[in-house]
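S.K.: Okay, here's the structure, questions in a sec.
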Amino acid sequence: MSRRTIMLVDDEKEIIKLMEIYLQNEGYILLKASDGVEALEILEKHSVDLIIMDVMMPRMDGMEACMKIRETRELPIILLSAKNQDIDKISGLSLGADDYVTKPFNPLELIARVKSHLRRYKQFGRSPNADNTLIEIDDLSINIATHKVTIDGEEVKLTPREFAILQLMASNRGIVFSMDRIYQEVWNEPFMESRNTVMVHIRKLREKIEPDPRAPRYIKTVWGIGYKIDPD
């Protein structure tokens with residue numbers, strides 16, 4: 001099995017060294033950058049499977065870099081920040097990050113999150129050997145094999161998490177999924193975080209696939225319980 005490549009983006013050398021020790025022990029190939037500009041330059045030259053990126057950095061911070069990366073790439077992004085308010089986490093997730101870890105962090109917890117994201121990305125990401133399964137709901141088309149989603153023939157770019165949530169509900173139409181269950185199924189770990197994480201991903205997903213996110217056509221809210229996609 002090929003080794004996964006992780007890019008570490010942080011201007012604090014001590015943080016880089018700490019993550020480097022733990023990630024190398026797990027057998028990952030590491031690339032390092034000190035700010036968003038350098039990270040984008042590395043992405044143009046190297047194949048990267050996951051990014052761990054600090055929010056506060058010179059030249060280009062993690063938030064701006066995350067937005068630019070999401071314009072062309074779907075790989076998992078974990079943001080690091082000393083800011084631990086919900087609004088900061090929501091902002092990061094809204095810009096396309098898959099996870100948000102506050103400093104100081106437990107290196108073993110970060111490793112667990114990295115493994116979870118890589119495992120989930122492999123399961124829901126592009127796979128040339130996957131079955132060519134196509135799910136169609138009115139004008140919405142979801143190709144499981146190519147990780148491609150289209151609305152009325154126009155392709156919609158989703159992050160791996162957004163695609164995983166959509167695939168989960170589209171493959172189980174009529175079933176109501178609570179936020180706890182969505183988190184457990186998609187993040188592949190016990191539900192311990194704020195429900196804001198799931199809510200932000202649902203909101204971003206609706207903004208991309210719904211003609212009118214305020215009156216959802218595909219992802220319906222079942223008040224007090226969760227979300228579902230109705231059967232045909």
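S.K.: Go through the stretch 129-151 and report how many residues are at pLDDT below 85 and either assigned to a loop (DSSP other than H, G, I, E, B) or under 21 Å from MET67 (Cα atoms) (or both).
M.R.: 9
S.K.: Could I ask something else about it? Name the residue that is surrounded by the most Cβ atoms within 10 Å (Cβ to Cβ), counting only residues in the stretch 84-103 that are in a loop (DSSP other than H, G, I, E, B) and small (Gly, Ala, Ser).
M.R.: Among those that are in a loop (DSSP other than H, G, I, E, B) and small (Gly, Ala, Ser), it is ALA97.
S.K.: Okay, moving on. Regarding the stretch 197-206, can at least one residue be identified that is assigned to a strand (DSSP E or B) and of a type in the set (D, E, K, R)?
M.R.: No: the stretch 197-206 contains no residue that is assigned to a strand (DSSP E or B) and of a type in the set (D, E, K, R).
S.K.: I've got another one for you. Need pairs with beta-carbon distance below 7 Å; first residue within 21 Å of LEU118 (Cβ to Cβ) and within the stretch 72-89, second modelled with pLDDT under 85 and in a loop (DSSP other than H, G, I, E, B); sequence gap 6+ or separate chains.
M.R.: Hits for this filter: ILE77/GLY96.
S.K.: Then there is this: Considering only the stretch 4-47, how many residues are part of a strand (DSSP E or B) and within 22 Å of SER81 (Cβ to Cβ)?
M.R.: So the count comes out to 8.
S.K.: In addition: Of all residues in the stretch 71-100, which are at pLDDT 85 or above and either more than 28 Å from VAL156 (Cβ to Cβ) or among the charged types (D, E, K, R) (or both)?
M.R.: LEU80, SER81, ASP98, ASP99
S.K.: Kindly evaluate MET56 against the criterion of being under 21 Å from ASP11 (Cα atoms), touching a strand residue (DSSP E or B) at 6+ places or on another chain (Cβ under 8 Å) and part of a loop (DSSP other than H, G, I, E, B).
M.R.: yes
S.K.: On the basis of being touching a strand residue (DSSP E or B) at 6+ places or on another chain (Cβ under 8 Å) and either over 24 Å from ILE225 (Cα atoms) or crowded, with 22+ Cβ neighbours inside 10 Å (or both), does SER171 make the cut?
M.R.: Against the criterion (touching a strand residue (DSSP E or B) at 6+ places or on another chain (Cβ under 8 Å) and either over 24 Å from ILE225 (Cα atoms) or crowded, with 22+ Cβ neighbours inside 10 Å (or both)), SER171 does not qualify.
S.K.: Answer yes or no as to whether PHE163 is of a type outside the set (Val, Ile, Thr), in contact with a His (Cβ under 8 Å, 6 or more places away or on another chain) and closer than 24 Å to ARG119 by Cα.
M.R.: Considered against the rule, which asks whether it is of a type outside the set (Val, Ile, Thr), in contact with a His (Cβ under 8 Å, 6 or more places away or on another chain) and closer than 24 Å to ARG119 by Cα, PHE163 comes out as yes.
S.K.: Still on this model: Looking only at residues in the stretch 104-127 that are at pLDDT below 80, charged (D, E, K, R) and not in a loop (DSSP other than H, G, I, E, B), which one is nearest to the chain's Cα centre (by Cα)?
M.R.: If we take residues in the stretch 104-127 being at pLDDT below 80, charged (D, E, K, R) and not in a loop (DSSP other than H, G, I, E, B), then ARG120 is nearest to the chain's Cα centre (by Cα).
S.K.: Then there's this: Scan the stretch 188-201 and tell me whether some residue there is in contact (Cβ under 8 Å) with a residue 40 or more places away in the chain, closer than 26 Å to ILE69 by Cα and either hydroxyl-bearing (Ser, Thr, Tyr) or in contact with a Pro (Cβ under 9 Å, 6 or more places away or on another chain) (or both).
M.R.: Yes, the stretch 188-201 has at least one match.
The values are calculated or read from the model by the stated rules, or taken from the named source; none is laboratory data. Computed from a prediction, not measured in an experiment: that's the story for all the values here. Every residue, glycine among them, receives a Cβ derived from its backbone with ideal geometry; neighbour counts consider all protein chains shown.
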